[in-house]
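Heads up, the thing below is written out as structure tokens.
Laboratory data are not the source of any read-out in this text; all were calculated from the coordinates shown. Just so it is clear, the model here is predicted, and its values are computed rather than measured. Reconstructed Cβ throughout: ideal geometry from the backbone, glycine too, with neighbour counts over all protein chains shown.
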Amino acid sequence: MTTTAPRPSATEHRATPTVTRRRRPSAGALTTLTWILAVGFFFPVLWMVITAFKKESDAATNPPRFVFTPTLEQFRNVFDAGIGTPLLNSLFATIVSTALVLLLGVPAAFALSLRPVRKTSDALFFFISTKMLPIVAAIIPLYVIVGKIGMLDNIWTLVILYTAMNLPIAVWMMRSFFLEVPGELLEAASIDGAGLWTSVREVILPLISPGIAATALICVIFSWNEFFFAVNMTAVNAQTMPVFLTGFMSGQGLFWAQLSAASVLAALPVVICGWIAQNKLVRGLSFGAIK
């Protein structure tokens with residue numbers, strides 16, 4: 001004998017909760033919002049580039065003048081003001097300090113990750129604790145020490161300071177990249193007869209090269225844009241680009257067009273470096289995000 005289940009009544013049908021789907025914003029709306037935000041963030045840079053091709057009379061108008069005759073006069077004035085020496089000083093301090101950071105930071109990050117040493121956490125805390133002291137609190141003793149050894153207004157002083165400034169960040173960044181490399185690779189290389197440095201050079205470094213490129217680019221940006229050490233430790237001989245840019249703000253007024261032209265020239269090297277290393281930079285910043 002078979003029995004049939006009772007059919008639900010109309011009231012039970014009405015009592016059954018209905019599942020409503022939440023409407024998600026369309027892809028077109030998200031794309032439009034993204035473009036609006038991107039243009040909003042990029043507009044100050046675009047306006048700086050546009051102002052660099054104006055005359056001072058056109059740059060100082062209020063409201064701003066959008067229709068004008070482009071000119072290279074401001075770039076000529078910047079070169080006449082002596083931008084060459086600060087540009088070379090910034091290039092030298094940035095390149096040498098970044099090379100020293102990588103030379104010291106890669107072995108340190110390797111020792112703290114794939115070949116951990118005793119009290120690794122203490123060493124990592126020591127590295128990052130050097131960034132906890134405000135630069136303002138350290139500038140007076142640094143200035144006294146540098147003055148005593150006769151290194152004021154010397155580009156090598158900035159190289160040493162930039163290396164010390166960027167080394168803790170580089171060690172922490174590259175350690176995270178090293179931790180993403182399986183330790184079995186070193187074991188396999190040692191079984192094949194490769195020594196430690198051969199394994200690092202032939203196996204590990206090619207894998208983390210995007211991370212090294214990302215770390216190097218961040219060190220380049222920090223060194224190139226550094227102002228506080230440069231303005232206090234240099235005068236004329238070791239003047240860098242950030243210090244040079246302050247020369248366009250004088251008691252006679254603010255020269256907007258010349259300052260914009262100098263800022264474009266100051267930003268150009270970092271933009272070129274980022275454009276060249278963009279592929280490795282994206283891979284480096286997302287290294288280990290997807291297994």
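Per-residue 3J(HN,Hα) values for the range 123-132, derived from phi via the Karplus relation 6.51 cos²θ - 1.76 cosθ + 1.60 with θ = phi - 60°, read 5, 5, 5, 5, 4, 6, 5, 5, 8, 7 Hz in sequence order (x marks Gly and Pro). In the range 83-285, taking the dipole from charged Cβ atoms about the Cα centre, the farthest positive-side position among Ala230, Gly193, Ala257 is held by Ala230.
How do the peptides 264-275, 118-129 rank, highest first, by the average count of neighbouring beta carbon atoms within 10 Å per residue?
Working: 264-275: 14.9, 118-129: 11.8.
Descending mean neighbour count gives 264-275, 118-129.
Sorting Lys148, Lys54 from the fewest to the most surrounding beta carbons within 10 angstrom yields Lys148, Lys54. Here the peptides 35-48, 226-239 are ranked by packing, the mean other Cβ count within 10 Å, and the order with the highest first is 226-239, 35-48.
Geometric descriptor of the range 83-285, per residue, is 145 Å³ (volume of the convex hull of the Cα atoms).
When ranked by the protection proxy of mean other Cβ atoms within 10 Å per residue, highest first, what sequence do the peptides 215-221, 184-190 form? Show your work: numbers first, answer last.
Working: 215-221: 21.9, 184-190: 13.6.
In decreasing order of mean packing, 215-221, 184-190 become 215-221, 184-190.
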